[in-house]
1. Based on DSSP H runs of at least 4 residues, each adding -39500 (n - 2.57), what is the mean residue ellipticity at 222 nm of the chain after dividing by all its residues, to the nearest 500 deg cm²/dmol?
2. Note the full-extension length gain between residue 305 and residue 136 as 0.36 nm times their separation in residues minus their Cα-Cα distance, in nm to one decimal.
3. Would you work out the charge dipole size for the chain about its Cα centre, treating the Cβ of every Lys and Arg as +1 and the Cβ of every Asp and Glu as -1, and quote it to the nearest 20 debye?
4. If I model a spin label at residue 35 and residue 264 as a point 7 Å from the Cα along the Cα→Cβ vector, what separation in nanometres do I get?
5. Could you give each residue of segment 207-214 its phi-based ³J(HN,Hα) in whole Hz, using Karplus coefficients 6.51, -1.76, 1.60 with θ = phi - 60°, and x for Gly or Pro?
6. Does anyone have the angle between helix 125-136 and the longest principal axis of the chain? Alpha-carbon axes, 0 to 90°, nearest 10?
7. Subtracting the Cα-Cα distance from 0.36 nm times the residue separation, let me have the gained length for residue 194 to residue 125 in nm, one decimal.
8. Using Cα atoms only, what is the angle between the long axis of helix 309-325 and the major principal axis of the chain, expressed in degrees (0 to 90) to the nearest 10?
Amino acid sequence: MIKVGLIGCGFMGGMHAACYKQIKNAKLVAVADVREEKALAVAGEDTKVYATGMELIENADVDVVDICLPTYLHTAHAVAAMKKGKKVFLEKPACLTKEEGKLLLDVQKETGAIVQVGQVLRFMDEYLYLKKLNDTKEYGKLISATLARKSPLPGWAWEGWLHDTAKSGSVAHDMHIHDVDFVRFLLGEPDSFKTTVARDKDGVLSHIFTSFVYGSTCVNTEATWDLPADFPFSPSFLLKFEKATIVNDAQGLRKYLSDGGCEEIKLEPAFKGENDIGGNISDLGGYYVELKYFIDKLDAGETPDVAPLSEGVKSANLVLDEVASVGGAKI
Ligand SMILES: NC(=O)c1ccc[n+]([C@@H]2O[C@H](COP(=O)([O-])OP(=O)(O)OC[C@H]3O[C@@H](n4cnc5c(N)ncnc54)[C@H](O)[C@@H]3O)[C@@H](O)[C@H]2O)c1
């Protein structure tokens, strides 16, 4: 049984706690949140409750520290947990700055800690399907792709941290990073990129468009959380391979064959669960899969290697380069 301590019991922490309830070889033995009611809401009868993340890291008898804190608190807590000899699950984005990323990697090297970053698209069925098509070349070479993530401004964040670019890095660092990380997972580092952005009245980056070039393949990405409150959270993609175009949007996942014909694609979900904690994600899917993978690897004495810290830091660094190329997250 892998003993887990969860730090930060807000939107994502609540999601992780719900996942651990379904993972039979993990037990949530400790939780921490500066808002006691949030910690109590996810604690079981025999779960130890701590007032802060650092108290949990210092005192709790756990194998894993799972960090679901606002992004600006990731590095300090991950460093403390690694130095305490814990395995770490660190929500994305791994870090806020390149300096933080370097520190995380240095401490990992020094301590030998196992760290997985919550780059969840690497565990989602529809994105794994794309990865398989790209790796096997079942429909030929990838010609072009568009990946987008559109949303109203998230309203749930503790003390509004998401809306402060010094704490979240803006929509680019918080939401766009999902597609950037997946593109890196699919194709590696781009040859070049071009970013354009829109900003709100305060000069905060609110909509980002980046085209990544990989040889003759062009990948367009877009993310915004500047849409009207009633706009539904809308992740989507369109990938044109030589012999088929794969689309995922509000109409579902489907395949248009270059020779003609359209087929709905039914993937067997790795897990289907209910989410009763609010937020814009309607099932536990990839969150369950990534945590289950992490726990199973640890249980088997193996190193989880699908979304390691080094990859999380590289994705954060690429987004930082994109944002720097347009003058920063706030001007
Ligand atoms: N993988 C995904 O799809 C996904 C989705 C949403 C959020 N996230 C990430 O998860 C992280 C958390 O985001 P969220 O939306 O859950 O934020 P949130 O504001 O809902 O939750 C953060 C929680 O941390 C608590 N907290 C603050 N300081 C603390 C401290 N020192 N010790 C203990 N608790 C403390 C707050 O009280 C709050 O409950 C962020 O890095 C975010 O980018 C990932």
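We did not get these values from a lab; they are worked out from the coordinates using the rules stated. Being a predicted model, the structure only gives us computed values, none of them experimental. FYI the Cβ positions are ideal-geometry reconstructions off the backbone, even for glycines, and counts take in every protein chain you see.
1. Numbers: 10 runs with 109 residues, N = 331.
Calculated at 222 nm, the ellipticity per residue is -10000 deg cm²/dmol.
2. Numbers: separation 169, 0.36 × 169 = 60.84 nm, distance 2.05 nm.
Here the segment from residue 305 to residue 136 would lengthen by 58.8 nm.
3. Details: 37 positive and 48 negative charges, 101 e Å.
About 480 debye.
4. A separation of 3.8 nm, rounded to one decimal place.
5. 8, 10, 10, 10, 9, 9, 10, 10
6. Taking the Cα atoms of the chain, the angle to 125-136 is about 60 degrees.
7. 21.9 nm
8. 60 degrees
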